[in-house]
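Report on the following structure.
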Amino acid sequence: MSNRQPLVAANWKMNGSRESVAALLDGFRQGLPADGVDVLVCAPSIYIPLAADELAGSNIGLGAQTVSEYANGAYTGEISADMLKDYGCRYVIIGHSERRHIFAETNETVANKFCHAREQGLEVILCLGERLEEREAGMTEQVLSEQLEAVIARAGIAAFDGAVIAYEPVWAIGTGLTATPEQAQAAHSFIRLQVARHDDRIADELRILYGGSVKADNAAGLFAMADVDGGLIGGASLKVDDFLAICRAAG
Ligand code: 13P
């Protein structure tokens, strides 16, 4: 049985101001449980330097919400893995459903970004998740498998050693409709089995987070499931007390 330390990651999405970033991080630093849970904040890129300063000396990790699939060069508007690392940013979310569905990132783009980020030494949180119509059509496992296998085919299974996956059913994101603990567990155990078909040890050590309307009052039930190793938190990570309660539920 592997000993996966829970991870709770805040995904602030496109929210915040200099003032609110400083206030939130101050609140997180002061209220976080000392151990038993890893905590990470994925800030909007422009606030990463500020967040890095605010988090200096704390054990809260810093992440970005996306990264370019390219190395430094003529790519107007992009931010590279090198630039993130330059500001002490160790993690990056790849393939969030908002990137896939609003910004048209394909499985191929997601795989390219995953590969590039791993080659550059960033820790990656790869998001997978089905839409409501796909779940209703009984296609959840097919969608998860296609999203996952596209990345494994491109990056190789060894690139998942130490990586993190987030299962985020699209119908649960920002809707207040949380997956039940049993629905989350079913998807997580399916994802772990898919990875185990390539490598048992990597699957056993892989942290799989649940994301989608996690709140202070439903977190403990989700985190109690065997294959749920923490959460990727949107709306509730913009409130100090709510986020801290979710971190405590994981620890
Ligand atoms: P909400 O917690 O706001 O539903 O967002 C989840 C999410 O997309 C985290 O990446």
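Distances longer than 33 Å among the Cα atoms of the chain: what percent of all pairs is that?
The share of Cα pairs beyond 33 Å in the chain comes to 12 percent.
Specify, per residue and in Å³, the volume enclosed by the convex hull of the alpha carbon atoms belonging to region 1-150.
149 Å³
Just tell me which lysines come within less than 22 Å, Cα to Cα, of residue 113; anything on the same chain fewer than 8 places away is out.
In chain and number order, the partners are 13, 85.
Could you please report the charge total around residue 143, scoring K, R as +1 and D, E as -1 over all other residues with beta-carbon less than 9 angstrom from its beta-carbon?
Every neighbour counted, the sum reads -2.
Of 180, 87, 222, which is farthest towards the positive pole of the chain's charge dipole, taken about the Cα centre with +1 and -1 on the beta-carbons of Lys, Arg and Asp, Glu respectively?
Going by the charge dipole, the pick is 87.
Report the net charge of residues surrounding residue 64, where surrounding means a beta-carbon distance below 15 angstrom and charges are Lys +1, Arg +1, Asp -1, Glu -1.
Result for the local shell: -1.
Quick check: pseudo-label points 7 Å beyond the Cα along Cα→Cβ at residue 157 and residue 35, how many nm apart are they?
About 3.3 nm separates the two model spin labels.
Where is the GNM fluctuation largest for the chain (alpha-carbon springs, 10 angstrom cutoff): 117, 226, 51?
226
Along Cα→Cβ, 7 Å out, is where each label goes; now give me the distance between the ones at residue 74 and residue 3 in nm to one decimal.
The two pseudo-label positions are separated by 5.3 nm.
What number, in nm² with one decimal, is the all-direction average of the projected area of the convex hull of the alpha-carbon atoms of region 133-242?
7.1 nm²
Most fluctuating residue of 178, 106, 66 in a GNM of the chain with Cα springs under 10 Å: which is it?
Judging by the Gaussian network model, the answer is 106.
Between residue 83 and residue 22, take the C-beta separation as r, use R0 = 30 Å, and let me know the FRET efficiency to the nearest 0.05.
Here the calculated transfer efficiency is 0.90.
Between region 138-172 and region 8-59, how far is it from one alpha carbon centroid to the other, in angstrom?
26 Å
Which of 205, 130, 98 moves most in a GNM of the chain, Cα contacts under 10 Å?
Among 205, 130, 98, the largest GNM mean-square fluctuation belongs to 98.
All of the numbers you see were taken from the coordinates with simple rules; none came from a lab. Computed from a prediction, not measured in an experiment: that's the story for all the values here. When we count neighbours, we look across all protein chains shown, and the Cβ atoms used for this are built from the backbone with ideal geometry, even at glycine.
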